[in-house]
1. Please give the Cα centre distance for the stretch B:79-98 versus the stretch B:161-216, rounded to the nearest Å.
2. Mind pulling up the Rg/Rh value for the stretch A:572-672? Radius of gyration and Kirkwood radius, both on Cα.
3. Please arrange B:Thr48, A:Thr238, A:Thr337, A:Thr329 by how many other C-beta atoms lie within 10 Å of their C-beta, fewest to most.
4. Give me the net charge of B:Leu88's neighbourhood, meaning all other residues with Cβ under 11 Å from the Cβ of B:Leu88; Lys, Arg count +1, Asp, Glu -1.
5. For the protein assembly as shown, place one equal point scatterer on every Cα, skip the solvent, and apply the Debye formula. What is log10 of I(q)/I(0) at q = 0.10 Å⁻¹?
6. With 21 Å as the limit, write out which pairs from B:Lys62/B:Lys200; A:Lys50/A:Lys92; B:Lys91/B:Lys201; A:Lys7/A:Lys49; B:Lys62/B:Lys91 have Cα-Cα distances beyond it, or answer none.
7. From the Cα gyration tensor of chain B, with a ≥ b ≥ c the square roots of its eigenvalues, which class applies: rounded if a/c is under 1.5, or else prolate if a/b is larger than b/c, or else oblate?
8. What's the local net charge at A:Leu618, with K and R +1, D and E -1, over the other residues with C-beta under 10 Å away?
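Nothing in this text is a laboratory measurement; each read-out follows from the coordinates by a stated rule. This one's a predicted model, so the numbers in the text were calculated from it and none came from an experiment. Methodologically, a virtual Cβ is constructed for each residue, glycine included, from the backbone with ideal geometry; neighbour enumeration extends over all protein chains shown.
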Amino acid sequence: MMLSGIKVQSLMALQVVLLLPLWRLFPIWVALISCAAMLDRLLVTQGMKKTSSSFWKVGWVLIASIALVLEYQSLLLIEPWVALLMLMYASKSLELNQTRDAFQILHLSYIVMMAQFLYDQSMLAALYALLGIALTTLVSVQVNSARVIRPQALIGRGAKILALAFPAFLVLFLFLPRLPPLWAVPQPSMSAKTGLSDRLSMGSIGRLIEDDTLALRVAFDGLTPPLATRYIRAYTLTEFDGRTWQIDQAAKRLSRRWQAAEDQSLGYQLILEPNGLNVLPYLEYLDGVYPLGVQRLSDDRLRARAPFNQRAQFSLNYRETREVASSLTSTERERLTAIDPKNHPRLVSWIEAQAMDRQSPGERIRTLRRFFLEGEFRYSLTPPRALGDPVDDFLFVTRSGFCEHFASAMAAMARLSDLPARVVTGYQGGRYNEMGGYVEFRQYDAHAWVEIWIEGEGWRRVDPTTFVSPERINEGLQALSQLPGFQNANWAWYRRLDGVLAAEFVLTLTAIQHYWDQRVLNFDRDDQVNLVRWFSPELDASDTVHIALGALIVLFVVIAFFESLRGANRRAVSTAALDRLAILRGARWIEPRASLLATQPIDRLLTMIPSGPASNLLESIIADYQAVYYAGREISRREFRLRIVRWQWLAIRLRLRRLASPLFFMTSEARMR
Amino acid sequence: MPSPIQPVVDQLNDILLGKPEQIWLAVLALLARGHVLIEDLPGMGKTTLAQALSAVLGLAQKRVQFTVDVMPADVLGMNYWDAATQTLVWKNGPVFTEVLLADELNRTTPKTQAALLEAMEERQVTADHVTHRLPEPFFVIATQNPFFQTGTYPLPESQLDRFLVSLSLGYPDSDAEVRLLTEGDRRSRIQQIEAATEPKKVSAFQAEVDQVRVSETLADYVYRLVQHSRTSPQCRLGLSPRGGMALVTASRANAWMEGRDHVLPSDVQRVFVAVASHRLISASHGPRSGVELAEQLLSEVNVVT
């Protein structure tokens, strides 16, 4: 059957809607070539062009293939495959002549719709997919119909189909086991957002601080700890070359200890946004077990096996104080105090002037602190450029900078004072989202601080930024917006949030997004098990399969039952005929051979059912039927329908019981007689 | 719940063997204030049925044997000159009875047939501007020989319409016939019958029948049956509105006899052939007999739509 113009047009519209989010992500030529194919078909439909020649079709395919090969050159990534899918999807419109072509487009539509989830799993994307599903359903209703359907009728039918599919969707989502992928799909080469890096040279965090994208969220099981203690640790930087701090590439992997969390420790959920890094930030200090797939390194770093390219959630424990550490070996001590004094001549002379070697480690730290407190340092996001050695310049000339300058300089000072020291980068503070009940850390919450080794105590956190600008830590970054540097800085996020209302709006949005990530995207096996345990504590993970299967079977039976009811009802005109059919259907459950001609009165059914409890039931429902329709008894239609449904239910139960246990049924039947 | 008429039916079954359905229909017609047309060969027990019916119900019964020369006055009655009183005196004909057996109605001329049928319909006889009411209840059992016998005047359709039901007794089944042969004529037993009811009660029953409920759903069914008889290609002549009403009346009586106060489709179906078969004329390619045609029509209409 040839496709009518309206069908072709609606199919094209569907294709455009589904391809739009993908076109956005792909090179422009993909969109152009797909559009060319669809435009061609559209012109044919409008009668503005004769059918396309094979020459044009072959040419189109050649151009598309060549462009694909030139663009990607490799098939190891997922992009060329998605592009191929998009092109094939669009190219079907060149061959869109018959109804079966339309079906192919409709079926492909669902796959194309899923392809966008490779790139975006946000709630917005899901809403868009929902729109796509609704649209695909509507178009397929239209394609399946010979006539043009009125929009209201179309939407009504589509809504009914989707409503029928909804319970199945729910069952599949809630109970279908989350399987590991059957085959590995090359990960989309996602450009990870700028985040922390494993090196720190002065100035790099300055870029970060202007980035207001979400980095991670922490939801505490108990009370949320105060702002000043919320240090999220990511990298430990131990290697210093006088300018740049780097991680220790040779850090040893600690053997995993099965260690239960202490009583006073606080559990929390950490939801990490994809950042392309393979370090798992955690709230200091770590307590108990850390997640599988993550290694704990000797420098207190949690290293993941693969970079985080997708949002991930982890369950961790937090304690307020660090566990007591063992002592450093001499080689370790040597490495952690390694610094070339030649790079920082002014600093070396200042330290010599302080006569540090006569002081205890605690006193040395206090001396350093005093230096920062008395030195009229200024916290600024726009520090002047260093001319010579950045450490010397910062400490003795400019005295203006932000956390990374302070941390970097202080760690250098500590090392020169013969204190083992290292720089830690991560996030600090964060912002409590009341709606979501979690603390969100954005990229501008990135922070750097210093750890100094004290013999007998272990690593002690020293945050030089607090010496100079306690507001940064105690009140969060927002308080700093009063500082001169902030007025000029690219302080986009906060400026956008001028009004309280706007701020609340953004907070609400992120809370919704959080809920979505937490409850929908990260709905995993554990959640499934919790769900089935909620029904009964004895159930476990393997039961989810059974529940899913059972629920689906029940669902299909129910839908098939009502669908058959509907099919029969379509022929019937009056309620009397409907109810008659319903009674007959019930009788068929008891006695499948029972059949009633439309010209036979309903009481004829009684002769077809063997006497027993079932026939008594049937007799009473038929009496009701006759009373309603012939004796004119006043009985509400609702009540009568209810009675019929009850009758059908009883009939089904009788039938099932008979199927389940023929012997039992026979004996009970004999007893009845 | 058996109806109060059940003893009558049982007693009749005891006399006329193997004809329960016909007896049922005959009693039904009486209760519905209708008349019965029996189409059958002689000697099938028509007279026995009429006599037994009147005896059981305690009704007066008369019989007219129709021949070609029977005139209307012979049936209805006539005014005659009474020499003693010097007046015209009305003399009731045999029609003035409660149960009239009109035997071989199709042997007489249309004139006489029409006269009787008019009396049946109006339940009164008018002669010389004087109207004489017929007794209550008034019930006619007319018999008709099958058409193929010679010397008959087939009743026209308009006349047949006046009979509520038509039935045929047919040969008795083997058991009944053997009993008939061994026990001798059952008619002699009619004399010993004690009436199971009385005329007054019969009238009361008839009033009750009128109260039987006909629901909209059922009326719709009857309507569709009637409509189908008019539109079916098998039918040359369908049911008249009077035929439809007769169907409802007969169904009411059937429902009442089955002890119900409302009509069910099964009532309609039980009486339909008897009510419709003599009113229908089948098309030339249709079924041969009215009974077959009626059965076919019945099997073509859904109970509810």
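1. First find each Cα centre; the distance between them is then 32 Å.
2. Numbers: Rg = 13.9 Å, Rh = 14.1 Å.
Rounded to two decimals, Rg/Rh equals 0.99.
3. Numbers: B:Thr48 20, A:Thr238 23, A:Thr337 17, A:Thr329 9.
So the ranking, lowest neighbour count to highest, is A:Thr329, A:Thr337, B:Thr48, A:Thr238.
4. Values: positive: B:Lys91; negative: B:Asp82, B:Asp128.
Within the 11 Å Cβ shell, the charges total -1.
5. -1.19
6. On the way: B:Lys62/B:Lys200 19 Å; A:Lys50/A:Lys92 18 Å; B:Lys91/B:Lys201 28 Å; A:Lys7/A:Lys49 18 Å; B:Lys62/B:Lys91 15 Å.
As for pairs spanning more than 21 Å Cα to Cα, those are B:Lys91/B:Lys201.
7. On the way: a/c = 1.42, a/b = 1.27, b/c = 1.12.
Cα axes put chain B in the rounded bin.
8. Working: positive: none; negative: A:Glu591, A:Asp603, A:Glu619.
Its environment carries a net charge of -3.
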